[in-house]
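For reference, the structure is listed below as structure tokens.
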Amino acid sequence: MQTIFVQIKCELGKAYDVADSAVETLEEVSEVYSISGQYDLMMKCYLADGADIGHFVTQRLQTLPGVKDTFTIITFKAFT
């Protein structure tokens, strides 16, 4: 399992709609946080090993209604 974080910039007034849609329709999306700064949301996603991250982001996340821009962070190791 590989973990990525994706920051999402939404159309004005659409952040809650985007968050709800992501959680309801994408099983890979584990958590969605509203955040401050350049982006409106941060999504924690779990993808299967070997899954195409670019395809997931461009075809599944960026096409959600209300999404304007994304910034993807690929993780290497979780320290617990």
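The values are calculated or read from the model by the stated rules, or taken from the named source; none is laboratory data. Since the model is a prediction, treat every value here as computed from it, not as a measurement. Cβ placement follows ideal geometry from the backbone for every residue including glycine, while neighbour counts extend to all protein chains displayed. Areas reflect the complete protein model, heavy atoms only, side chains present, ligands, DNA and RNA absent. Shrake-Rupley method; radii C 1.70, N 1.55, O 1.52, S 1.80 Å.
The figures follow:
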quantity: Normalised contact order of the chain, rounded percent, pairs of Cα under 8 Å and 6 or more residues apart; calculated: 46 percent
quantity: Unit charges on C-beta of K, R, D, E only; dipole of the chain, Debye; calculated: 260 debye
quantity: Which of Tyr39, Tyr33, Tyr16 is most accessible, then next, and so on - probe 1.4 Å; calculated: Tyr16, Tyr33, Tyr39
quantity: Accessible surface of the chain, 1.4 Å probe, proportion on carbon and sulfur as whole %; calculated: 52 percent
quantity: Extended-chain gain in nm, criterion 0.36 nm per residue less alpha-carbon gap, Tyr33 and Phe76; calculated: 13.4 nm
quantity: Residues of the chain: accessible area per residue with a 1.4 Å probe, Å²; calculated: 66 Å²
quantity: Listed residues Thr75, Thr70 arranged by accessible area, highest first, probe 1.4 Å; calculated: Thr75, Thr70
quantity: Length gained when the stretch Thr58-Val23 is fully extended (0.36 nm per residue, less Cα-Cα span); calculated: 10.9 nm
quantity: Karplus (6.51, -1.76, 1.60) ³J(HN,Hα), θ = phi - 60°, over the range 13-22, in Hz, Gly and Pro reported as x; calculated: x, 10, 4, 5, 5, 5, 4, 4, 4, 4
quantity: Extension gain from Asp69 to Ala48, taking 0.36 nm per residue of separation minus the Cα-Cα distance; calculated: 5.2 nm
quantity: Structure-derived Rg/Rh (Cα atoms, Kirkwood Rh) - corresponding label in [x] 0.95; [y] 1.01; [z] 1.06; calculated: [x]
quantity: J(HN,Hα) series, the range 38-47, from Karplus relation 6.51 cos²θ - 1.76 cosθ + 1.60, nearest Hz, glycine and proline x; calculated: 5, 10, 9, 9, 10, 10, 9, 10, 10, 10
